[in-house]
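Okay, structure first, notes after.
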């Protein structure tokens, strides 16, 4: 557990992302590498200069008034090997934290996810083309990526087929709103579910889509002290929303005859598809690949084991152990190591 409950539990790492320091990394429970920016593939993480005040600039090790943006292609991740090295480095900085990799739901994402699992990520997020903040440019909002259902189904099937699924916590996000969304996500293979837009609305966001202008009328996405006074949200609003989501999940699970969410993860055969396939708009479309269930033991279809990270006997740990006296009590130590 952390000594500071007010810190962000999940810290994101993208290339060119400002302020990613050792201190930033050790104060986290999850370190998420962004292979897909924001809610969309392509550009993201953009903060216009006029929103970069003294506090933001100090936090991000930058200069007030200067735009902050993560460059669209991740120039430091050319290959799965580069990603593996980054995961290894992050694990060394903060062995307690899980390393997550965020992927955009696109055709072929399953193959990428298999590589990410082999690179020893603890957690993979498949992010659909819906959801996201109201500040993304229009070019990033429409037709970028694919629905989360398609990317998730492909990822689940690919990981199970390659015997990689059990060591990955698989999360899905992208405009999830209801308990029904959660159950469909679980049936398609997700262990975890990312909610952002809906709880944001629960605390008072009214989707004026002005996040980038610093003029948010309800004081959510702004650094302006006058506007921030208007913020009326409370944690209870979010808690209440999630109680309703959880209640709906319970009801649907009961109707499926299941006691726990774990029992239905990856059970795509439980999805009722007749009504959809018979609809006139679905004529000529083949959905069989989305609903396919790869035959495997139940244990191999959801997250049941930890990734094995080769960080137990590295040189750093031996050096820290031997230098402990110097680090803690400033008593000089001398030793040789190879």
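The values are calculated or read from the model by the stated rules, or taken from the named source; none is laboratory data. Keep in mind the model is a prediction, meaning the values are calculated, not measured. So basically every Cβ, Gly included, is an ideal-geometry build from the backbone, and we count neighbours across all protein chains shown.
What the table shows:
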quantity	calculated
Residue in segment 213-220 that is more than 21 Å from the chain's Cα centre (by Cα), assigned to a loop (DSSP other than H, G, I, E, B) and loosely packed, with under 14 Cβ neighbours inside 10 Å present	yes
Condition met for residue 8 (in a loop (DSSP other than H, G, I, E, B), out of contact with any helix residue (DSSP H, G or I) (no Cβ under 9 Å at 6 or more places or on another chain) and either modelled with pLDDT of 70 or more or under 23 Å from residue 65 (Cβ atoms) (or both))	yes
Number of the exception - residue 260 against (1) assigned by TED's automatic domain parsing to the domain that holds residue 187; (2) within 30 Å of residue 85 (Cβ to Cβ)	(2)
Which listed residue is assigned to a helix (DSSP H, G or I), within 30 Å of residue 99 (Cα to Cα) and out of contact with any helix residue (DSSP H, G or I) (no Cβ under 6 Å at 6 or more places or on another chain), from 251, 295, 236	236
Segment 166-182, residues that are under 19 Å from residue 30 (Cα atoms) and either in a helix (DSSP H, G or I) or not assigned by TED's automatic domain parsing to the domain that holds residue 87 (or both)	166, 167
Residue among 280, 303 that alone is in the same structural domain as residue 87 (by TED's automatic domain parsing), modelled with pLDDT of 90 or more and in contact with a strand residue (DSSP E or B) (Cβ under 6 Å, 6 or more places away or on another chain)	303
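Conditions (1) crowded, with 24+ Cβ neighbours inside 10 Å; (2) within 17 Å of residue 127 (Cβ to Cβ); (3) assigned by TED's automatic domain parsing to the domain that holds residue 129, marked per residue:
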| position | (1), (2), (3) |
| --- | --- |
| 147 | no, yes, yes |
| 151 | yes, yes, yes |
| 155 | yes, yes, yes |
| 161 | no, no, yes |
